[in-house]
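For reference, the structure is listed below as structure tokens.
Taken together, the values in this text are just the output of simple stated rules run on the coordinates, not laboratory data. Only a predicted model underlies this, so the values are computations on that prediction, with no experimental measurement involved. Heads up, the Cβs are rebuilt from the backbone with ideal geometry, glycines too, and the neighbour counts pull from every protein chain shown.
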Amino acid sequence: MNDRILITVTVNGAPHEREVEPRLLLVQFIREELGLTGTHIGCDTSYCGACTVLLNDLPIKSCTMLAVQADGYEVRTVEGLEKDGKLHAVQDAFSEHHALQCGYCTPGMLMSACHLLETNARPTDLEIRKSIQGNLCRCTGYSNIIKAIASAADKIQEVSGQEVAGGNPV
Amino acid sequence: MTWVGKSLQRKEDGRLIRGQGLFADDEHSDSMLHLYILRSPYAHARIASIDVSAAQALPGVACVLTGSDIKEQCVPYMQLGPAPCDKIVDLPLATDKVIFQGEPVAAVAADSAAIAMDAGLLIEVEYEMLDAVVDPEEALEDKILLHEAAATNRTYHDVFEYGEVDKAFSDAAHVVKINRLHFHRFASTPVENNACTAEWNQRGDLDFLCNNSFAGFSMQLLAPSLRLPVEKLRIRSYDIGGSFGVKIWNYVYMALAALASRKCGGRKVKWSETRTEHLQGSGHGNERTFLDTEVALDKDGVITAIKSRHIDDCGAYPRYEPLGCIIWAQVLPATYGVRNFRIDFTQTVTNKCPVVPNRGYSRMQHLWFMERIVDICAHELAIPADEMRLKNYIREFPYETPNGCIYDSGNYPAMLEKAKQMIDWDGWKQKQIEAREQGRLLGIGIGTTLDSGTNNFGQAQIMNPNLPFSGNSEVCIICLDLDGSVVVSLGTGPSGQGHETTTSQVVADELNIDPSMITVRTGFDSAWNAFSGHSGTYASQFAVSGLSAVYGACQKLKAQMRQLAGFMLKADAAELEFGVGEEGPQLSVKGTDKSINYWFMSNLVNSNNALLDDSLADVTLNVRHVYRPPFEVPDTEKKFGNLTLTYAAQLHIAVVEIDTDTCRPNILAYAAIDDCGKVINPQIVNGQVAGGTAHGIGAVLMESFDYDEVGNLLTATFSDYCPLTVMNMPDVQYGSIETPSPFSYNGAKGMGEGGGAPLHTLSAAIQDALYAEGIIVTDSHHSAPRVFERLRAPNREATVSVESRRVGAQ
């Protein structure tokens, strides 16, 4: 039980080398070893999605993965969304559309939404719903979250359109 | 610029969308200990022995607690109910027996959560199984006793009688009898579980960072149980990941972290509940059975009297829950003009998880009952659902109910009309005819409900005259800090309701400054922020009690600021105006360039006071205001008095089709109209309405705490309980009307709980779909398996009877 294993996980662009117990969950690694408490724990059966992070760009429930399984992988958490003091479009949209109340599910929601927008530039209402079907929110009744993600998609389109028009393709 | 009434983007969001909230489980240090609670796998069993030696010997274990350890250290928690509740021994750990599955039996503190759990699993508990009782009617037979010292499972009984019930029944044109209705057990299950850290240092000071949502009250019950003066107890919360009332009662378990901390020499101990622990042992919403209901109606279908027997099942320990035996009476007649009532109300314990106040607390159960009555009577007397409501709605306000509650304002017919238009009532009525011709089960249902806000704690004395609670209060402290910044603190400890934002809106309007210039401290802190013994977020009241405290504090601060500015600027108070100048927020003399900014005012009071004279001795620029609603203690004998200050209303209409293959009710259309008087922040209000709607829909379609006959909870993980996901949430059309409350300074009515409108509405829609099949909807839960069972066994003949007679000379 105490035979620790050396792992290296890149989190939000920075590599972290740690010796961990094999039974340590990835979410515990993120929260307790790295102090990134934006990723939350809400259940133990992968139902609620409060612990959703991106692992090599795919959304996973970090309460259902061991830290040692993430050895060599790149993890993105909510703390990595803001770049150079500028919020990600989906973060802005969540606030603008009142897509959060207590904010506990929000980091997981944002990561699932981020993955959707990285893989589907113009998602339909149903595609948005499916992208967060594994993320439970008890406060909002979901409709503002759907609106926020749709609005973020529009915003990203608008910005990338302007950048293309300005001769500066992304 | 006026900020109240605008959808100001929330101040809370900045930290929450960055993952920078501070939730109770976020506090972490390598030196802290972690608590594991070992819980009973049985619903009812005697503890023959507990052997903790192997656990204690495990490296990394700091201490182990059992019931026998803590029996000496704790006074049993206060139960609010009358005798025999005083005989109930409720301690943080079971002592000689366990009475619900999930009851704590032992606790281990260790260097890591994993070691604590390893050690917990090494504890050997020998149980002697006892028969369990999970059915409330069976529990009332007292054949199986939970609390032997109480000698009965019945924790409350009384009769609430108003008007002339017998006369109304003898005069009735129709009497509708419904033998049994049942409101099922569910809870709002916030995504954040209960958690805390506790540090009980060797000087005797106990400090909690927790997510309790009614801390002003909870600390009064927790401190005496730990034999601690309240002054030694510091309770803090920061961000709370949803409560919906459920986190009011988590201090019962917080005590274990404290006791472990003390036993370990004052080391900090963290406790984080798992989801299964939350579902088994945290708190459920209350379950109520309605028996032998009789409804008297006149020839036109106007309800004149109701008599019924209600049984509340409060689970293993009554704790706060006896309040549920009176809180329903805030909405005795619901939205209807019925004047004659006889409600026989009983509460019983059973071998199930204790019940706690859950969104819509106690009123929702009664409002569902009233809506079922109205709906069933309409069907039985062949009166269209909308006409039945219109015949019976209260129309004049303020309206005094038969038990002395004052409904402040409202317009239920206007809400009905608006909802009908929004959903296209006539269109759906036509589609329903066509659907029925095709053999489809399509129904349209109306639910009218109330969200009574700012409760009068005096109602507790109707239930137990010995309780030292009445009225209500909230507190606000507002000050100009040393640098002149405006800082506000409150005791509410919100869990997503945006109090920092709406408070800023009120203060900004009062001081004529921008909301960004105001700091509202996050969370509850008994050592640092304002609070009273009523402080918390509960009972749909912030817009009234919280913001009235803020408004009152602003008036006191402004008076002092005018006095100080008048002195310095040599101007009359009437000449001064609040605003923002080149050097920030200021007071200026109208029509001149003379002004004084907040920094200088604070400087004068705090650091530069030789400039002031004695006339300014009381100017502190740091004021505390307690808002106290105008309540009296009710007449406890007659059970009469005003129990709540404001009555927000909701009216929903749903169209539901039952899938004839799967039996699943599918929502085809849904409209929700809200009236909470003057709205402070429309976006926040809409968020609360939408959230409450989702909870109700989830409870109807998905969520139920199901126990087997020996008291095992069968829905003890999220994968079994299945809280509503985005895939089950229908599109809802929202609308509102605004009837300002005459009883609040701002015309607002407290809101947020929502009154369980979808439970009434979907039950009515399903009733409409199934009535022709010989089915009466008698339960509030309608998952596909339940609908399947109901379709297999039509119940109308066994459930309802109607006696009609010609009365009087018409």
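Observations on the model:
- Any hit, region B:311-334, residues being closer than 25 Å to B:Val133 by Cβ, in contact with an Asp or Glu (Cβ under 6 Å, 6 or more places away or on another chain) and part of a strand (DSSP E or B): yes
- The strands (runs of 3 or more DSSP E) found entirely in region B:119-215 that carry 3 or more residues being of a type in the set (Phe, Trp, Tyr), farther than 30 Å from B:Tyr36 by Cβ and within 28 Å of the chain's Cα centre (by Cα) are B:154-162.
- Exactly one residue out of B:Asn728, B:Asn746 is surrounded by fewer than 23 Cβ atoms within 10 Å (Cβ to Cβ) and within 12 Å of B:Ala694 (Cβ to Cβ), and it is B:Asn728.
- If only residues of region A:131-150 that are under 15 Å from the mean Cα position of the chain (by Cα) and surrounded by fewer than 22 Cβ atoms within 10 Å (Cβ to Cβ) are counted, the one that is nearest to the other protein chains (Cβ to nearest Cβ) is A:Gln133.
- A search for C-beta distances below 6 Å between a residue of region B:6-28 that is farther than 19 Å from B:Asp509 by Cβ and within 8 Å of chain A (Cβ to nearest Cβ) and any residue that is among the polar types (S, T, N, Q) and assigned to a helix (DSSP H, G or I), counting only pairs 6+ apart in sequence or on different chains, returns B:Asp13/A:Ser95; B:Leu16/A:Thr106; B:Ile17/A:Gln91; B:Ile17/A:Ser95.
- Within the option set A:Ala113, A:Ala93, A:Ala99, A:Ala153, being of a type in the set (A, V, I, L, M), crowded, with 22+ Cβ neighbours inside 10 Å, more than 7 Å from chain B (Cβ to nearest Cβ) and over 30 Å from B:Phe244 (Cα atoms) holds for one residue only, A:Ala153.
- When we screen A:Thr52, A:Thr37 for residues that are of a type in the set (Val, Ile, Thr) and facing chain B (nearest Cβ under 7 Å), the only hit is A:Thr37.
- Per-region count, region B:271-300, residues more than 14 Å from chain A (Cβ to nearest Cβ) and either out of contact with any strand residue (DSSP E or B) (no Cβ under 8 Å at 6 or more places or on another chain) or aromatic (Phe, Trp, Tyr) (or both): 2
- Criterion: in contact with a Ser or Thr (Cβ under 6 Å, 6 or more places away or on another chain) and without any contact (Cβ under 8 Å) to a residue 60 or more places away in the chain - qualifying residue of A:Val20, A:Val53, A:Val78: A:Val53
- Number of positions in region B:564-604 that are surrounded by 13 or more Cβ atoms within 10 Å (Cβ to Cβ) and more than 42 Å from the chain's Cα centre (by Cα): 21
- Checked against the criteria, B:Val544 does not count as assigned to a helix (DSSP H, G or I), within 22 Å of B:Thr620 (Cβ to Cβ) and in contact (Cβ under 8 Å) with a residue 60 or more places away in the chain.
- Scanning region B:302-325 for residues that are more than 15 Å from the chain's Cα centre (by Cα) and of a type in the set (Ser, Thr, Tyr), we see that the one that is surrounded by the most Cβ atoms within 10 Å (Cβ to Cβ) is B:Tyr317.
- Residue match in region B:44-59 (condition: β-branched (Val, Ile, Thr) and within 19 Å of B:Ala139 (Cβ to Cβ)): no
- Exactly one residue among B:Ser112, B:Ser68 is surrounded by fewer than 23 Cβ atoms within 10 Å (Cβ to Cβ) and in contact (Cβ under 8 Å) with a residue 40 or more places away in the chain, and that residue is B:Ser112.
- Only residues that are among the hydrophobic types (A, V, I, L, M, F, W, C), in a helix (DSSP H, G or I) and crowded, with 17+ Cβ neighbours inside 10 Å were counted across region B:763-810, and they come to 6.
- Any chance B:Ile697 is surrounded by fewer than 23 Cβ atoms within 10 Å (Cβ to Cβ), closer than 30 Å to B:Glu789 by Cβ and in contact with a Pro (Cβ under 6 Å, 6 or more places away or on another chain): no
- Strands (runs of 3 or more DSSP E) enclosed by region B:593-711 - at least 1 residues per element that are under 30 Å from B:Glu582 (Cβ atoms): B:595-597, B:622-627
- Filter result (surrounded by fewer than 20 Cβ atoms within 10 Å (Cβ to Cβ), away from chain B (no Cβ under 12 Å) and of a type outside the set (Phe, Trp, Tyr)) within region A:66-82: A:Leu66, A:Val68, A:Gln69, A:Asp71, A:Gly72, A:Glu74
- Residue match in region B:407-424 (condition: under 30 Å from B:Leu279 (Cα atoms), touching a residue at least 40 places away in the same chain (Cβ under 8 Å) and either part of a helix (DSSP H, G or I) or in contact with a Cys (Cβ under 7 Å, 6 or more places away or on another chain) (or both)): no
Yes/no per residue for (1) away from chain A (no Cβ under 14 Å); (2) in a loop (DSSP other than H, G, I, E, B); (3) within 27 Å of the chain's Cα centre (by Cα); (4) under 30 Å from B:Ile406 (Cα atoms):
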{"position": "B:Tyr734", "(1), (2), (3), (4)": "no, no, yes, yes"}
{"position": "B:Ser741", "(1), (2), (3), (4)": "yes, yes, yes, yes"}
{"position": "B:Gly752", "(1), (2), (3), (4)": "no, yes, yes, yes"}
{"position": "B:Ala757", "(1), (2), (3), (4)": "no, no, yes, yes"}
{"position": "B:Thr761", "(1), (2), (3), (4)": "yes, no, yes, yes"}
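- Residues that are farther than 12 Å from B:Ala255 by Cβ and either within 24 Å of the chain's Cα centre (by Cα) or outside any helix (DSSP H, G or I) (or both), drawn from region B:216-234: B:Gly216, B:Phe217, B:Gln220, B:Pro229, B:Arg234
- Taken over region B:712-722, residues that are at the interface with chain A (Cβ under 10 Å from one of its Cβ atoms) and either of a type in the set (S, T, N, Q) or part of a helix (DSSP H, G or I) (or both) amount to 5.
- Of the candidates B:Arg359, B:Arg395, B:Arg372, B:Arg389, the single residue that is buried (at least 19 other Cβ atoms within 10 Å of the Cβ), more than 25 Å from the chain's Cα centre (by Cα) and not hydroxyl-bearing (Ser, Thr, Tyr) is B:Arg389.
- Flag for B:Thr636 being out of contact with any Leu (no Cβ under 9 Å at 6 or more places or on another chain) and either touching a residue at least 12 places away in the same chain (Cβ under 8 Å) or of a type in the set (Val, Ile, Thr) (or both): yes
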